[in-house]
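A.B. asks: One structure follows; several queries about it will come next.
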Amino acid sequence: MKLLRSERFPAFLLLGAAALGLIIANLPFGGEVISWSHIEIGVPGLELSISHWVADLLLAVFFFGVAVELQFELTRGQLNSVAKAIRPAIAAVGGVIVPIIIFLLIAGRGESASGWPIPTATDIAFALGVLAMFGKGLPKGVRIFLLALAIIDDIVGIVFIAVLFATDLDFGMMLAGVACVAVFAIVSRLDLPTAIRLPILIALAIAAWVFVFQSGVHATIAGVALGLVIRQDAGMSARHALEPWINAVILPIFAFFSALVAIPQVAIDELSPALWAIVVALPVGKLIGITLFGWLAQFVGRGERLPVGDILPAAALGGIGFTVSLLLSRLAYSDATVADEAVLGVLIGSLISLVLSAILVPLRARHHRRLAAHP
């Protein structure tokens, strides 16, 4: 279990699962596997394809864990005051705005343009995993900056999912979902034996998910809401129990199904502009946006300032979009072909950022180790 709670190993699992999905999809029997992933199962009113069950239900558990961590950081952690949050928040703004601008410049107008939220995300698990692998010797402030930056990015991604991709809203179902979340919050605070409280919370969580799904809001938002309202100590305990499952099962399964894409057998100039826009916007947009705005943010507020040399590797890590970017790729495009090409764009763009990070992070870490050896 300790290995699955580490920051390094989950990053390997994610990368391996995505690579496996892409490889299988392009083998002779890949078409059959892709077709299998589209088989619908469930009960009347809740009949979804296997890949949609993964994206809508399993990923809701992941977002529950993210929201619990967000609740902690906002109340007791790195974002619990304006002074702590202002600098990574400014950097995060740059890491959202610049990739969007670059994306739209390359994608142009039309259907491709609807994918502009895709390159705004940062994958916390991947970014912190790479930092743990290559960042020995870096100041603690770099990790804190990256963690806060990635959490703010998650907030932005959650808002995009909730606001931009809600369809055919049913306010009755939405109110029922809100009611379940409210009761969930109350029950989590009652002094009940665990054997009684836990089944009730699980039942309320499932009901909230069903109602949110039926309301037209993306079902993962149910996980976010539940993670934000649960009593903090109960939430942290739940997150601790779920963490190995999220790292070893949920995220790798999601990465596998998301990467289950046949590489288009077409000329390069026939590929969707969305692919190229994502490939450039993720590594380049994040690097420029976070570095520039992160540098400007150092002139705001008080406390220890990060030099540009420390912000640069954090900005490179910010370009590893992966989990949320893959989800946004599926939500942004109704055309399955364009969505598949967007997924390829996320994989390529994240891989470029990964390679860039594997160069910049060790270089900066070596610099700090030299300074420590020769003060």
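A.B. asks: Which ones in segment 149-168 are surrounded by 23 or more Cβ atoms within 10 Å (Cβ to Cβ) and of a type in the set (Gly, Ala, Ser)?
C.D. replies: 150, 157
A.B. asks: Yes or no: residue 171 modelled with pLDDT of 85 or more, within 30 Å of residue 211 (Cα to Cα) and open to solvent by 60 Å² or more (accessible area, probe 1.4 Å)?
C.D. replies: On the way: modelled with pLDDT of 85 or more: yes; within 30 Å of residue 211 (Cα to Cα): yes; open to solvent by 60 Å² or more (accessible area, probe 1.4 Å): yes.
In short, yes.
A.B. asks: List every residue pair whose Cβ atoms sit under 8 Å apart, with the two residues 6 or more apart in sequence or on different chains, where the first one lies in segment 312-338 and is open to solvent by 10 Å² or more (accessible area, probe 1.4 Å) and the second, anywhere, is basic (Lys, Arg) and in a helix (DSSP H, G or I).
C.D. replies: 312/364
A.B. asks: Let me ask something additional. With respect to the numbered conditions (1) within 28 Å of residue 159 (Cβ to Cβ); (2) open to solvent by 20 Å² or more (accessible area, probe 1.4 Å); (3) at pLDDT 90 or above, which one is the sole condition not fulfilled by residue 52?
C.D. replies: The one condition residue 52 does not meet is (3).
A.B. asks: Moving on to the next point. Can you tell me which residue among 206, 278, 200 is closer than 28 Å to residue 5 by Cα and touching a helix residue (DSSP H, G or I) at 6+ places or on another chain (Cβ under 7 Å)? Steps first, answer last, please.
C.D. replies: Numbers: 206 fails: touching a helix residue (DSSP H, G or I) at 6+ places or on another chain (Cβ under 7 Å); 278 fails: closer than 28 Å to residue 5 by Cα.
Every option except 200 fails the conditions.
A.B. asks: Please find, within segment 75-97, the residue that is surrounded by the most Cβ atoms within 10 Å (Cβ to Cβ) out of those that are more than 18 Å from the chain's Cα centre (by Cα) and assigned to a helix (DSSP H, G or I).
C.D. replies: So the residue we want is 87.
A.B. asks: Are there any pairs, at least 6 apart or on different chains, whose C-beta atoms fall under 9 Å, with the first in segment 239-266 and closer than 20 Å to residue 326 by Cβ and the second open to solvent by 50 Å² or more (accessible area, probe 1.4 Å) and of a type in the set (Lys, Arg), and if so, which?
C.D. replies: 246/239; 247/5; 258/330
A.B. asks: Also, I was wondering about something else. Tally time: how many residues in segment 129-142 are assigned to a helix (DSSP H, G or I), surrounded by fewer than 18 Cβ atoms within 10 Å (Cβ to Cβ) and in contact (Cβ under 8 Å) with a residue 12 or more places away in the chain?
C.D. replies: Step one: list which residues in segment 129-142 are assigned to a helix (DSSP H, G or I), which gives 129-134, 140-142.
Then drop every residue that is not surrounded by fewer than 18 Cβ atoms within 10 Å (Cβ to Cβ), which leaves 132-133, 140-141.
Filter again for in contact (Cβ under 8 Å) with a residue 12 or more places away in the chain, leaving 132-133, 141.
Here the count works out to 3.
A.B. asks: State all residues of segment 235-265 that are in a helix (DSSP H, G or I), open to solvent by 20 Å² or more (accessible area, probe 1.4 Å) and of a type in the set (A, V, I, L, M); if no residue qualifies, say none.
C.D. replies: If the condition is that a residue be in a helix (DSSP H, G or I), open to solvent by 20 Å² or more (accessible area, probe 1.4 Å) and of a type in the set (A, V, I, L, M), then 236, 238, 241, 242, 248, 249, 253 are the ones that fit.
A.B. asks: In addition: Does any residue of segment 4-21 turn out to be over 24 Å from residue 158 (Cα atoms), surrounded by fewer than 14 Cβ atoms within 10 Å (Cβ to Cβ) and of a type in the set (A, V, I, L, M)?
C.D. replies: So far as segment 4-21 goes, no, none of its residues is over 24 Å from residue 158 (Cα atoms), surrounded by fewer than 14 Cβ atoms within 10 Å (Cβ to Cβ) and of a type in the set (A, V, I, L, M).
A.B. asks: Any idea which residue in segment 174-192 is nearest to the chain's Cα centre (by Cα), counting only those that are open to solvent by less than 60 Å² (accessible area, probe 1.4 Å) and β-branched (Val, Ile, Thr)?
C.D. replies: Among those residues, the one meeting the criterion is 181.
A.B. asks: What pairs come up if the first residue lies in segment 283-300 and is more than 14 Å from residue 149 (Cβ to Cβ), the second is of a type in the set (Val, Ile, Thr) and outside any helix (DSSP H, G or I), and their beta carbons are under 9 Å apart, counting only those six or more places apart or on different chains?
C.D. replies: Going by the 9 Å Cβ cut-off, the qualifying pairs are 283/320.
A.B. asks: Let me ask something else about it. Being open to solvent by 60 Å² or more (accessible area, probe 1.4 Å), among the β-branched types (Val, Ile, Thr) and assigned to a helix (DSSP H, G or I), is that true of even one residue in segment 344-352? Write out each step before concluding.
C.D. replies: From segment 344-352, those open to solvent by 60 Å² or more (accessible area, probe 1.4 Å) are 348, 351-352; that's our starting set.
In the following step, the residues that additionally are among the β-branched types (Val, Ile, Thr) were identified as 348, 352.
Pick out the ones that are also assigned to a helix (DSSP H, G or I) and you get 348, 352.
Yes, segment 344-352 contains a residue that is open to solvent by 60 Å² or more (accessible area, probe 1.4 Å), among the β-branched types (Val, Ile, Thr) and assigned to a helix (DSSP H, G or I).
A.B. asks: With the checklist (1) of a type outside the set (A, V, I, L, M); (2) open to solvent by 10 Å² or more (accessible area, probe 1.4 Å); (3) in contact (Cβ under 8 Å) with a residue 24 or more places away in the chain in hand, flag the one item residue 220 doesn't pass.
C.D. replies: The single condition residue 220 does not satisfy is (2).
The values are calculated or read from the model by the stated rules, or taken from the named source; none is laboratory data. Small disclaimer: the values here were computed from a predicted structure and weren't measured. Please note: Cβ atoms are built from the backbone with ideal geometry, for glycine as well, and neighbour counts cover all protein chains shown. The protein model used for the area step is the full one, side chains on, heavy atoms only, and it has no ligands, DNA or RNA in it. Shrake-Rupley method; radii C 1.70, N 1.55, O 1.52, S 1.80 Å.
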